[in-house]
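Asker: Submitted below is the structure of interest, expressed as structure tokens.
What follows draws every value from the coordinates through simple rules; no lab data is involved. Bear in mind the structure is a predicted one, so any value in this text is a computation, not a measurement. Counting neighbours? That spans all protein chains shown, and the Cβs are built from the backbone with ideal geometry, glycine included.
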Amino acid sequence: MALPLQLVGLPGTWLLVADAFLLRLLQGPGLINYRTVIILLLLAVTGEVLEFLTAVRGARSGPPIRGAAFAAVAGAIAGGIAGAPVLFGLGAIPGMALGAWLAVLMVALAGGAGFIAASRAALGAMTGRIRGTALKIVVAVAMVAVIIVTLVL
């Protein structure tokens with residue numbers, strides 16, 4: 001269930017960590033050990049950091065716009081929330097991308113940037129958000145692989 005949550009922009013990596021921890025507590029060391037839980041925790045933190053840094057880097061890839069990185073993060077959150085009810089949650093990812101784009105575009109235009117410069121900065125924010133989400137999905141898949149390997153071996 002955690003991986004599909006990640007696909008729609010919800011915190012699936014943290015659900016994987018919580019599930020593994022609870023399984024360890026309830027079932028004892030027979031299925032999941034604390035080393036696996038710590039590996040999953042480190043992967044979840046790595047996924048968050050990669051997602052955030054990639055989104056910020058994308059927001060800063062265009063011309064320098066004061067507040068673009070903050071606007072990209074805030075816009076992505078708002079867009080993800082607004083898009084979540086669309087297509088049973090699948091609208092969260094395009095919502096995050098469009099939210100980042102729109103927020104950076106508005107901040108850039110309000111800051112006096114020309115439309116072309118503002119559009120370039122907004123496009124960078126949008127692609128950065130998409131790349132960040134893709135990286136976090138890859139991390140979530142790696143976490144599922146760690147769990148499978150742990151349970152099989």
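Asker: Do any trypsin sites (Lys or Arg not before Pro) in segment 7-98 lie in a loop, going by DSSP, with at most 15 other beta-carbon atoms within 10 Å of their beta carbon, and if so which?
Answerer: Numbers: sites: R24, R35, R57, R60, R66; in loops: R60, R66.
Passing both the DSSP loop test and the Cβ count: R66.
Asker: Still on this structure: Considering amide H positions built from the backbone, and no H for Pro or chain starts, which residues 5 or more places from L31, or on another chain, come under 5 Å of its amide H?
Answerer: For L31, whose amide H was placed from the backbone, there are no distant partners under 5 Å.
Asker: If you don't mind, another one. Contour minus end-to-end for I148 and R57, with contour as 0.36 nm per residue of separation and end-to-end as the Cα-Cα distance?
Answerer: Values: separation 91, 0.36 × 91 = 32.76 nm, distance 3.30 nm.
Separation in residues times 0.36 nm, less the Cα-Cα distance, equals 29.5 nm.
Asker: Which of V73, V138, V56 moves most in a GNM of the chain, Cα contacts under 10 Å?
Answerer: So, out of V73, V138, V56, the one fluctuating most is V138.
Asker: Here are several values of Rg/Rh (Cα atoms, Kirkwood Rh): [x] 1.33; [y] 1.11; [z] 0.99. Which one was derived from the coordinates shown?
Answerer: [y]
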